Amino acid sequence: MKYISWGFIALLCLIVVTLSIGNREAVTFSLFPLPFVMDIPLFILILAGAFLGVLLGSLRTWMADGKARRENRHHKQEVLRLKGEVSRLEKLIAEKDAAISKDADHLLKIADQRDNSAA
């Protein structure tokens, strides 16, 4: 899918460049209700329209993906919190294992002393 989109963009760029090279003649550009009239080469209008389209498309995509970015940020924070919790619990288990091992060694020493004194 990624290659298809890159191919489409390359084709679109080729078309825009071809139209720009072939249309160098000056045209009258006006914004009708406003008193704005300007004679500029047609390729500038073509490139400006392409740039505006890319800019507006990027803005729309960025706004549409806002929810996904927010959820992604929330999930990353949750993962970091859970990693901290796992590390805390692993440390707690290690401490309890060390305490149990120490108690077991102490009980074995007591049992050995009783066996030696009874014999």
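Values as computed for the structure displayed
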{"read-out": "All positions within the range 10-24 that are under 28 Å from the mean Cα position of the chain (by Cα) and surrounded by 11 or more Cβ atoms within 10 Å (Cβ to Cβ)", "value": "12, 13"}
{"read-out": "When residues of the range 73-117 are limited to those that are among the acidic types (Asp, Glu) and modelled with pLDDT of 80 or more, the one nearest to the chain's Cα centre (by Cα)", "value": "78"}
{"read-out": "Test for residue 89: is it out of contact with any Asp or Glu (no Cβ under 7 Å at 6 or more places or on another chain) and assigned to a helix (DSSP H, G or I)", "value": "yes"}
{"read-out": "From 54, 27, residue being among the hydrophobic types (A, V, I, L, M, F, W, C), surrounded by 10 or more Cβ atoms within 10 Å (Cβ to Cβ), part of a helix (DSSP H, G or I) and modelled with pLDDT of 85 or more", "value": "54"}
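The values are calculated or read from the model by the stated rules, or taken from the named source; none is laboratory data. Note that the structure is a prediction, hence the values are computed from the model and not measured. Ideal geometry is used to build each Cβ from the backbone, glycine not excepted, and the neighbour counts take in all protein chains shown.
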